[in-house]
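**Q** Please find one structure pasted underneath; my questions will follow.
The values are calculated or read from the model by the stated rules, or taken from the named source; none is laboratory data. Because the structure is a prediction, the values reported are computed rather than measured. Neighbour counts are summed over all protein chains in view; Cβ atoms, including those assigned to glycine, are modelled from backbone coordinates with ideal geometry.
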Amino acid sequence: MIHLPAHLAIIMDGNGRWAQQRGKPRAHGHIKGTRVAKTIIQECARIGLQNLTLYAFSTENWLRPKSEVTILMRLLKKYLEKETQNLIQENIRFETIGDRSLLPLDILEALDASQAATQKCTGMKLIFALSYGSRQEITSVVQKMARLVESGTLKSKDISLETISAMLQTNKTPDPDLILRTSGEKRLSNFLLWQAAYSEFCFSTKLWPEFTKEDLTLVLQDFSSRDRRFGQLKTMESHEQSAH
């Protein structure tokens, strides 16, 4: 029996490279990647995963060619308009994290419509990280705390790990137990840096458009076999050694 993570986060990497390897425009890879995302979302909901976060568009992605950004936004809007009813049928609640101020108005309207339509769903929570950057998120929290301290609402001595976590956009979702990145790259790329403190990692060599339900099963089986100690065993051993 597979022990599922309470929260799986995925960096869906490799769409452009997959297309280029086949002599296709990068847009072709993004289209294929969207289809794979739908398959993985459905599979995660089917097996009973509680929380799934997909790194759909980073703050750094705004630096890509305008034509590619436009295509990505169109694909996002098309997905929301087409799949919201399916999310409802599958009892999936949709949410987002990221800097909304940078997103086009039509995208914001589509996001709000999907969130409103699925808010009563009680199954898996699906989170799209859109226009998201973890350093930017943490900076925003620091700025908010500074304003609270200046106003006297918060005392600096009362700032704790819990205070910071409560101010993050992910405050209503448990930290990811497992972070998966496809395409063979082994870095977080500004994704959930604070939240990943005790996450397990899996780096698949497959490009995202190649990723399958079977690959997901292998990833979850590997996670299930890991012994997660959160540093506690080492601490206990240190105490035992010092006692002798």
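**Q** In this structure, is THR34 closer than 27 Å to GLN195 by Cβ, without any contact (Cβ under 8 Å) to a residue 60 or more places away in the chain and of a type in the set (Ser, Thr, Tyr)?
**A** Yes: the conditions hold for THR34.
**Q** Of all residues in region 151-166 being part of a loop (DSSP other than H, G, I, E, B) and closer than 18 Å to ILE138 by Cα, which is farthest from the chain's Cα centre (by Cα)?
**A** My answer is LEU154.
**Q** Also, quick follow-up: Here is a check on your reading of the model: is ILE97 buried (at least 18 other Cβ atoms within 10 Å of the Cβ) and within 18 Å of the chain's Cα centre (by Cα)?
**A** yes
**Q** Here is a follow-up. Taking the conditions exactly as written (touching a residue at least 60 places away in the same chain (Cβ under 8 Å), assigned to a loop (DSSP other than H, G, I, E, B) and more than 11 Å from the chain's Cα centre (by Cα)), does PRO174 satisfy them or not?
**A** Answer is yes for this residue.
**Q** Failed condition for LEU188, given (1) in a loop (DSSP other than H, G, I, E, B); (2) within 27 Å of THR205 (Cα to Cα); (3) out of contact with any strand residue (DSSP E or B) (no Cβ under 9 Å at 6 or more places or on another chain), with all others met?
**A** (3)
**Q** Which is of a type in the set (A, V, I, L, M, F, W, C), at pLDDT 95 or above, out of contact with any strand residue (DSSP E or B) (no Cβ under 9 Å at 6 or more places or on another chain) and under 17 Å from GLN50 (Cα atoms), of ILE88, ILE92?
**A** It is ILE88.
**Q** For region 109-124, give me the residue count where each residue is touching a helix residue (DSSP H, G or I) at 6+ places or on another chain (Cβ under 9 Å) and surrounded by 15 or more Cβ atoms within 10 Å (Cβ to Cβ).
**A** 8
**Q** For residues that are among the small types (Gly, Ala, Ser) and either part of a helix (DSSP H, G or I) or in contact with a strand residue (DSSP E or B) (Cβ under 6 Å, 6 or more places away or on another chain) (or both), scanning just region 12-28, find the one that is surrounded by the fewest Cβ atoms within 10 Å (Cβ to Cβ).
**A** Among those residues, the one meeting the criterion is ALA27.
**Q** Listed residues THR59, THR39, THR84, THR96; which is under 27 Å from GLN221 (Cβ atoms) and touching a helix residue (DSSP H, G or I) at 6+ places or on another chain (Cβ under 9 Å)?
**A** THR39
**Q** Mind telling me which of the residues LYS77, LYS32, LYS82 ends up being surrounded by fewer than 14 Cβ atoms within 10 Å (Cβ to Cβ) and either among the aliphatic types (A, V, I, L, M) or assigned to a helix (DSSP H, G or I) (or both)?
**A** Just a single option satisfies the conditions, and that option is LYS82.
**Q** In the set THR170, THR212, THR139, which member is farther than 22 Å from GLY29 by Cα, surrounded by 12 or more Cβ atoms within 10 Å (Cβ to Cβ) and modelled with pLDDT of 95 or more?
**A** THR170
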